[in-house]
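Student: For reference, the structure I am asking about is given below.
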Amino acid sequence: MGRELLRLIGISKAFSQGQLTSQVLDNLDLSLHEGSQLALMGASGSGKSTLLNVIAQFEPADQGQILFDGQPLANLGQAELAQWRRRSLGVVFQQYNLLAPLTARQNIEFCLQLAGKPWSDWVDHCCQRLSLEPLLDKLPYQLSGGQQQRVAIARAIAHQPPLLLADEPTGNLDQEASDQVMALLVELGKASNSAILMVTHSRRAADFLQQRAELHQGQLHFDEQSPQTEQAPWRAIP
Ligand SMILES: Nc1ncnc2c1ncn2[C@@H]1O[C@H](COP(=O)(O)OP(=O)(O)OP(=O)(O)O)[C@@H](O)[C@H]1O
């Protein structure tokens, strides 16, 4: 096992609306090592996106500590936090969040530049595996939802981030495209030793990854039956 990359200790997060308070994350612990892969499942509204937002520091936790590479993220100032996100994180948002005035290629290039990385053979490989080559010079509004989703995935993994946070990255894709995306994420893990934390409602997509956990009542429940990478269906894909 590689070194521990991400550690969450006692993370809690509640949202209040009027008199009602909903405890979405409740004293939650999590440890992710380099190269590890976790599919995060759970009912709609159980807090999966909130957990990704808290890890990426887009939302503050009410309580608890997050360590990245052993360092508390709470110690970072705004500029250091932005630098950490650019270099160490890849994020696939549920709503894609492509930059509207930029073509697909420019969206990918922009993230690469922020991370201080050049366009590489790996990026070409991602574009090929995601069937993006004919789409690279199109603007987001010229792309279908599934095509935008594939650009967003390429953008998130182009710089081979140590940690990928992906919120339903196959939610808008048919089964064949979804399998291709999952195979590519597994490849990312192997090529870059990236850790992957992926929210999904698809058991088929989850089965590509090493481990599954369900978020329920603010806590993670690990599935002991999680498949091992060696048995994952991506191996059957040519
Ligand atoms: N900014 C916010 N303000 C108030 N409530 C919020 C906020 N963000 C999330 N919530 C609430 O927190 C709960 C968890 O939301 P979250 O989006 O994390 O769930 P989820 O598991 O990702 O759901 P889904 O599978 O439907 O995407 C929901 O009840 C939601 O209404």
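The values are calculated or read from the model by the stated rules, or taken from the named source; none is laboratory data. The structure displayed is predicted, hence computed values, not measured ones. Every residue, glycine among them, receives a Cβ derived from its backbone with ideal geometry; neighbour counts consider all protein chains shown. Side chains are part of the model used for accessible areas, which takes the heavy atoms of the whole protein and leaves out ligands, DNA and RNA. Shrake-Rupley method; radii C 1.70, N 1.55, O 1.52, S 1.80 Å.
Student: Are any residues in the stretch 8-28 among the β-branched types (Val, Ile, Thr) and within 9 Å of the ligand (Cβ to nearest atom), and if so, which ones? Talk me through it step by step, then tell me what you get.
Tutor: Step one: list which residues in the stretch 8-28 are among the β-branched types (Val, Ile, Thr), which gives 9, 11, 21, 24.
Listed by number, the list holds a single entry, Val24.
Student: Restricting the search to the stretch 211-238, which residues are assigned to a loop (DSSP other than H, G, I, E, B) and modelled with pLDDT of 95 or more? First the steps, then the outcome.
Tutor: Our first condition is that a residue be assigned to a loop (DSSP other than H, G, I, E, B); within the stretch 211-238, this holds for 217-218, 223-228, 232, 237-238.
Of everything in the stretch 211-238, those that are assigned to a loop (DSSP other than H, G, I, E, B) and modelled with pLDDT of 95 or more turn out to be Gln217, Gly218.
Student: Mind checking which residues of the stretch 38-47 are more than 16 Å from Leu163 (Cβ to Cβ) and of a type outside the set (S, T, N, Q)? Quick ask: steps written out before the conclusion?
Tutor: Initial filter on the stretch 38-47 (more than 16 Å from Leu163 (Cβ to Cβ)): 41-47.
Those that are more than 16 Å from Leu163 (Cβ to Cβ) and of a type outside the set (S, T, N, Q): Met41, Gly42, Ala43, Gly45, Gly47.
Student: Looking at Ser31 and the list (1) within 16 Å of the ligand (Cβ to nearest atom); (2) touching a strand residue (DSSP E or B) at 6+ places or on another chain (Cβ under 7 Å), which single condition is not satisfied?
Tutor: Among (1) within 16 Å of the ligand (Cβ to nearest atom); (2) touching a strand residue (DSSP E or B) at 6+ places or on another chain (Cβ under 7 Å), the lone unmet condition for Ser31 is (1).
Student: While we're here: Scan the helices (runs of 4 or more DSSP H) fully inside the stretch 117-208 and keep the ones with 1 or more residues being open to solvent by less than 30 Å² (accessible area, probe 1.4 Å) and within 16 Å of the ligand (Cβ to nearest atom).
Tutor: Numbers: elements: 121-129, 145-157, 175-192, 203-206.
Once the helices (runs of 4 or more DSSP H) in the stretch 117-208 are filtered for at least 1 residues that are open to solvent by less than 30 Å² (accessible area, probe 1.4 Å) and within 16 Å of the ligand (Cβ to nearest atom), what remains is 145-157, 203-206.
Student: Search the stretch 203-214 for residues that are within 18 Å of His33 (Cα to Cα) and pair each with any residue that is part of a strand (DSSP E or B) and of a type in the set (S, T, N, Q) when their beta-carbon atoms are under 9 Å apart and the residues are at least 6 apart or on different chains.
Tutor: Phe208/Gln37; Leu209/Gln37; Gln210/Gln37; Gln211/Gln37
Student: Looking at (1) more than 20 Å from Phe222 (Cα to Cα); (2) out of contact with any His (no Cβ under 7 Å at 6 or more places or on another chain); (3) open to solvent by less than 80 Å² (accessible area, probe 1.4 Å), which is the only condition Gln83 fails?
Tutor: Among (1) more than 20 Å from Phe222 (Cα to Cα); (2) out of contact with any His (no Cβ under 7 Å at 6 or more places or on another chain); (3) open to solvent by less than 80 Å² (accessible area, probe 1.4 Å), Gln83 violates only (3).
Student: Any residue at all in the stretch 40-48 that's on the phi > 0 side of the Ramachandran plot and touching a His at 6+ places or on another chain (Cβ under 7 Å)? Even if it seems obvious, please write down each step before you answer.
Tutor: Start the filter on the stretch 40-48 by keeping residues that are on the phi > 0 side of the Ramachandran plot, which leaves 42, 45, 47.
Filter once more, keeping what is touching a His at 6+ places or on another chain (Cβ under 7 Å): 42.
Within the stretch 40-48 (the criterion being on the phi > 0 side of the Ramachandran plot and touching a His at 6+ places or on another chain (Cβ under 7 Å)), the answer is yes, since at least one residue qualifies.
Student: Give Phe15, Phe68 a once-over and let me know the one that is of a type outside the set (D, E, K, R) and under 30 Å from Ala154 (Cβ atoms).
Tutor: Values: Phe15 fails: under 30 Å from Ala154 (Cβ atoms).
When all the criteria are applied, what remains is Phe68.
Student: Still on this structure, please answer the following. Can you tell me which of (1) in contact (Cβ under 8 Å) with a residue 60 or more places away in the chain; (2) within 19 Å of Gln210 (Cβ to Cβ) is the one Leu188 doesn't meet?
Tutor: (1)
Student: Also, I was wondering about something else. Looking at Ala100 and the list (1) surrounded by 13 or more Cβ atoms within 10 Å (Cβ to Cβ); (2) assigned to a loop (DSSP other than H, G, I, E, B); (3) away from the ligand (no atom under 12 Å from the Cβ), which single condition is not satisfied?
Tutor: For Ala100, the failing item is (1).
Student: Which of the residues that make up the stretch 47-62 are touching a residue at least 24 places away in the same chain (Cβ under 8 Å), farther than 16 Å from Ala213 by Cβ and either near the ligand (Cβ under 8 Å from one of its atoms) or hydroxyl-bearing (Ser, Thr, Tyr) (or both)?
Tutor: Residue satisfying the conditions is Glu59 alone.
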